[in-house]
Amino acid sequence: MSFKRLTPSDFLVSADSITSPCWTGNVYDLSSFATSSAQAASSQGDYVLAVYQTSSILDEAAIQFYIAYTNAAGSGSTPYNSILPQYSPSSTLYGQYRNLILEDENSGFVFGNVTQSQFFALSVERANYKQSLLPGSLNLTLSGSGTAKLHLTDNSNNVSVVPYINGTRVYQIISGSNGSAYSGTGYTTASGSYGWFVPDMGTILLNAVALGLPAGAGGGLGVTISSGSSVANGANNTIMYNAIRLGDSFKLNSQENVTSDYVFIRPQNAEFNYTTNPSFISGSTGEVIYSQFINNPQTYITTVGLYNDANELLAVAKLSRPLVKDFTKEALIRVKLDF
């Protein structure tokens, strides 16, 4: 074993952005949707509806995202207590997203230029989006009454400065594709934008009022949102699920920043040519047994160990094959540490 002290020039830190499709099976365009009747009927179904990419167990059905309907006044779901109609699953969910994104119970969600008190939340399964969602990759098609279809994206390509709310990126959802509006701002005529795209939280908020506008000139889908305190829990989640299922296209990519620390090991021609293997040394005299290792030694580098100043082993790098080394050869070994 031989040692060599590394210098600052032997280290390099690099950051790479890795993009990949968001859905199970490395799929970018999710066009098949299914739900579980057992999940919908459970206590969880009172709050969210899990959406799978297939209904077949043999195809390894996996949750892709969740749908939730929220309403500040508690409308659109059954109250916990009929005496207090303002407290229901929809109001609980509204409060959770308000605390999570706005971090202020007195603030409201401003979609474009209009404050709204109700919205749908699409939360991507955590394992699917790694670090964040990729701005500009959202292409969601919704279908409502009749043959009307609405194509939604985020406005990341239409803004010159990245918008933040409490340190979290928040883009407006607009009528368009690949991060750009079809025309103008891409907002609805009366209700502002179609919602928020929150990539760092893997969340998409859809403006329920905008979707309920008449199709065509109004800019919506004509989707009727169930309101009042007599609505069964999860009913509005099913309305949104049907709009997504009939739209038949949900495109989304994930994004992950991987930081790599490169360490360059440079065995020069005069270094690492001798071995400390005791089988090469006579135990009685301490002489080199094989004369060819005196004037023309040859070794094979197989492993690189990284130590700190306390002589503690921090990392081990294995070469794919032994690297021959003698006085006529120099080498460059690049060690990559990902974290």
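The values are calculated or read from the model by the stated rules, or taken from the named source; none is laboratory data. A quick note: this is a predicted structure, and the numbers were derived from the prediction, not measured. Quick reminder, even Gly has a Cβ in these numbers, built from the backbone with ideal geometry, and neighbours come from all protein chains shown. Keep in mind that these areas ignore ligands, DNA and RNA; they rest on the heavy atoms of the full protein, side chains included. Shrake-Rupley method; radii C 1.70, N 1.55, O 1.52, S 1.80 Å.
Please give the contour-minus-distance gain from residue 226 to residue 4: 0.36 nm per residue of separation, less the Cα-Cα distance, rounded to one decimal in nm.
Values: separation 222, 0.36 × 222 = 79.92 nm, distance 7.16 nm.
Between residue 226 and residue 4, full extension yields an extra 72.8 nm.
Keeping every protein chain present and rolling a 1.4 Å probe, give me the accessible area per residue for the chain in Å².
Numbers: 17450 Å² over 339 residues.
Computed with neighbouring chains in place, this is 51 Å² per residue.
Give me the Å³ per residue figure for the convex hull around the C-alpha atoms of region 200-339. List each step's numbers first, then the result.
Details: hull volume 38.3 nm³, N = 140.
Residue-normalised Cα hull volume stands at 273 Å³.
Using a 1.4 Å probe on the protein chains only, how many percent of the accessible area of region 218-297 belongs to carbon and sulfur?
48
What ranking, highest mean first, results for peptides 118-125, 179-186, 255-262 when packing means the other Cβ atoms within 10 Å averaged over each residue? Can you show the working numbers first?
Numbers: 118-125: 22.1, 179-186: 15.1, 255-262: 13.5.
Those peptides, ordered most packed to least, come out 118-125, 179-186, 255-262.
Which of the peptides 225-233, 152-160, 205-213 is most tightly packed, and how do the rest follow, judged by the mean count of other Cβ atoms within 10 Å per residue?
Ranked by mean Cβ neighbours within 10 Å, highest first: 205-213, 152-160, 225-233.
When the Cα centres of region 275-302 and region 307-336 are compared, how far apart do they sit, in Å?
The two parts, judged by their Cα centres, are 20 Å apart.
First compute the accessible area of region 1-141 with a 1.4 Å probe, then give the percent of it belonging to carbon and sulfur atoms. Don't skip to the end; give the middle numbers.
Numbers: 3790 of 7180 Å².
Of all accessible area on region 1-141, carbon and sulfur atoms account for 53 percent.
Relative contact order of the chain: what whole-number percent is it, with Cα pairs under 8 angstrom and at least 6 residues apart? Walk me through the numbers before you get to the answer.
On the way: 751 pairs, mean separation 67.5, N = 339.
It comes to 20 percent, rounded to a whole number.
Sticking with the crude label model, points 7 Å out along Cα→Cβ, report the distance from residue 248 to residue 284 in nm, one decimal please.
Computed distance between label sites residue 248 and residue 284 equals 9.0 nm.
Counting pairs of Cα atoms in region 47-181, how many percent are more than 20 Å apart?
Numbers: 5305 of 9045 pairs.
Pairs farther apart than 20 Å: 59 percent.
Report, ordered by chain and residue number, the lysines lying within cross-link reach of residue 336, taken as a straight Cα distance under 28 Å and ignoring same-chain residues fewer than 8 apart.
Cross-link targets: 4, 130, 318, 325.
Taking 51 Å as R0, compute the FRET efficiency from the Cβ-Cβ separation of residue 149 and residue 80 and round it to 0.05. Intermediate results must be reported in sequence, preceding the final value.
Working: r = 37 Å, r/R0 = 0.73.
Step by step, r from the Cβ atoms, then E = 0.85.
Relative to the compact globular guide of 2.2 N^0.38 Å, what is the alpha carbon radius of gyration of the chain, as a ratio? Before the final figure, lay out each step's value.
Details: Rg = 29.8 Å, N = 339, 2.2 N^0.38 = 20.1 Å.
In units of the globular-protein estimate, the chain measures up at 1.48.
Charges only on Cβ, +1 for Lys and Arg, -1 for Asp and Glu: so what's the dipole of region 178-281 about the Cα centre, in debye to the nearest 20?
Values: 3 positive and 5 negative charges, 61 e Å.
My answer is approximately 300 debye.
Might you report the magnitude of the Cβ-based charge dipole of the chain about its Cα centre, with Lys and Arg at +1 and Asp and Glu at -1, to the nearest 20 debye? Spell out each step's value before the answer.
Working: 16 positive and 22 negative charges, 81 e Å.
It works out to roughly 380 debye.
Would you mind getting the Kirkwood hydrodynamic radius of region 122-210 from its Cα pairs, rounded to one decimal in Å? Working shown, then result.
On the way: mean 1/r = 0.0752 Å⁻¹.
One decimal place: 13.3 Å for the Kirkwood radius.
Quick check on packing: order 67-76, 272-281, 305-314, 83-92 by the mean number of other C-beta atoms within 10 Å, highest mean leading. Could the numbers behind the result be given before it?
Values: 67-76: 23.1, 272-281: 13.6, 305-314: 9.3, 83-92: 17.9.
The peptides rank, most packed first, as 67-76, 83-92, 272-281, 305-314.
Which listed residue (171, 190, 249) has the Cα farthest towards the positive end of the charge dipole for the chain, taking +1 on Lys and Arg C-beta and -1 on Asp and Glu C-beta about the Cα centre?
Positive-end residue among those listed: 249.
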